[in-house]
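Heads up, the thing below is written out as C-alpha cells.
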C-alpha cells in the first residue's frame with residue numbers, strides 16, 4: 001500500500017488521481033471512474049469530488065493508497 005501525503009484537511013478524489021499521475025487532468029476523472037473500478041474504504045465510488053481524509057484508503061484495480069497527513 002502506497003501513502004499519499006497531504007497538507008490539507010482533505011483532498012478530492014480527482015485531485016488525488018491527478019497528483020498520483022493516474023490521470024492527466026482533473027477533467028479526465030469522470031471518464032476514468034466510469035471505466036475503472038474505484039473503491040474508497042471498500043465502497044465503490046464514482047464521484048470525482050469525493051473528499052478523502054487522512055486514514056481513508058482508496059483502491060483502483062490492484063493499487064491501494066492511504067491518505068496520510
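Among DSSP beta bridges whose residues both lie in the chain, state the antiparallel percentage, nearest 5.
Of those bridges, close to 75 percent are antiparallel.
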Whole-Å distance linking the alpha carbon centroid of the range 4-29 with that of the range 35-65 is 11
Here the relative contact order (percent) of the range 2-68, from C-alpha pairs under 8 Å and at least 6 apart, is 39
Per GNM of the chain with C-alpha springs under 10 angstrom, the most fluctuating residue out of 20, 12, 33 is 20
Helix-only [θ] at 222 nm, the chain, -39500 (n - 2.57) per DSSP H run of 4+, per residue, nearest 500, equals -5000 deg cm²/dmol
At R0 = 30 Å the Cβ-Cβ FRET efficiency linking residue 5 and residue 30, nearest 0.05, sits at 0.75
Computed on Cα atoms only, the convex hull of the range 2-68 has an orientation-averaged projected area in nm² of 3.9
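Each reported figure results from applying straightforward, stated rules to the coordinates on display, with no laboratory input. All of these numbers come straight from a predicted model, not from anything done at the bench. In this analysis, Cβ positions are derived from the backbone assuming ideal geometry, glycine residues included, and neighbour counts consider all displayed protein chains.
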